[in-house]
Amino acid sequence: MIAHFIGSRSHILEEIDYYRIIVAALKQAGYEITYDWIEEAYKLASEKTIKRASETWREVDRQYEDAVQKADVVIVDATHRGFFVGYRTALAVAQKKPLLLLTREASDLAVSGINTPAGFVRSTAYDSNNLEAIVKEFLEENVIDTKDLRFNFFLDRPTYNYLRWMSSKTGKTKAEIVRSLLQKEMNKDND
């Protein structure tokens, strides 16, 4: 499984212990981290160094988009709310990634204006005593082996019309029809 962690780079000096707990919980659960930025950001902030990268903002933004795209789950520490934390959170929500939204303040923190399925976005307050347990519980709830996976693809008009007609005729959803056809092909290959 693959995870992405989002947090405030500008507050890394005060947040490093919490961020390390989150990353350690991910690694202990066997997750690969798409973009492990925390230690580098901490080092740069500790040295009061401004990284002069040859990368453009577009390249950096693409790197974060790729990290979110590759992730099976996303964890966000929104204790320090800011544009980049919000923007990257929105990327994860737009891609329908299971999302754990953390804050140390007991608040009504939510992703507003976006319709998400129940349980898709979980927000909770934490402290140093319960952070690891919250992360582990979220990861256990979102193990891919226990979830149906989503797969999108494009159809030409005749194929779509056929699926819509078959759905109407059989009372099955289009997804159920496609799954049953794939299952038949898989069964043929196993014989």
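Summary table
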item	result
Subset of region 148-167 (residues that are open to solvent by 100 Å² or more (accessible area, probe 1.4 Å) and more than 30 Å from Gln69 (Cβ to Cβ))	Tyr162, Trp165
Breaking point among (1) at pLDDT below 90; (2) under 30 Å from Ile21 (Cα atoms); (3) part of a helix (DSSP H, G or I); (4) open to solvent by less than 50 Å² (accessible area, probe 1.4 Å), for Asp145	(4)
Residues of region 9-19 that turn out to be open to solvent by 10 Å² or more (accessible area, probe 1.4 Å) and either within 18 Å of the chain's Cα centre (by Cα) or more than 22 Å from Ala125 (Cα to Cα) (or both), as a count	0
Residue match in region 172-182 (condition: over 30 Å from His80 (Cα atoms), among the acidic types (Asp, Glu) and modelled with pLDDT of 85 or more)	yes
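Here's the yes/no breakdown for (1) of a type in the set (Gly, Ala, Ser); (2) modelled with pLDDT under 90; (3) exposed (fewer than 13 other Cβ atoms within 10 Å of the Cβ); (4) within 28 Å of Lys96 (Cα to Cα):
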site: Ile22; (1), (2), (3), (4): no, no, no, yes
site: Glu32; (1), (2), (3), (4): no, no, no, yes
site: Trp37; (1), (2), (3), (4): no, yes, no, yes
site: Ser46; (1), (2), (3), (4): yes, yes, yes, no
site: Thr49; (1), (2), (3), (4): no, yes, yes, no
site: Ala53; (1), (2), (3), (4): yes, yes, yes, no
site: Arg58; (1), (2), (3), (4): no, yes, yes, yes
site: Glu65; (1), (2), (3), (4): no, yes, no, yes
site: Lys70; (1), (2), (3), (4): no, no, no, yes
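The values are calculated or read from the model by the stated rules, or taken from the named source; none is laboratory data. This is a predicted model, so every value here is computed, not measured. Methodologically, a virtual Cβ is constructed for each residue, glycine included, from the backbone with ideal geometry; neighbour enumeration extends over all protein chains shown. Just the protein is used for accessible areas: all its heavy atoms, side chains included, with ligands, DNA and RNA removed. Shrake-Rupley method; radii C 1.70, N 1.55, O 1.52, S 1.80 Å.
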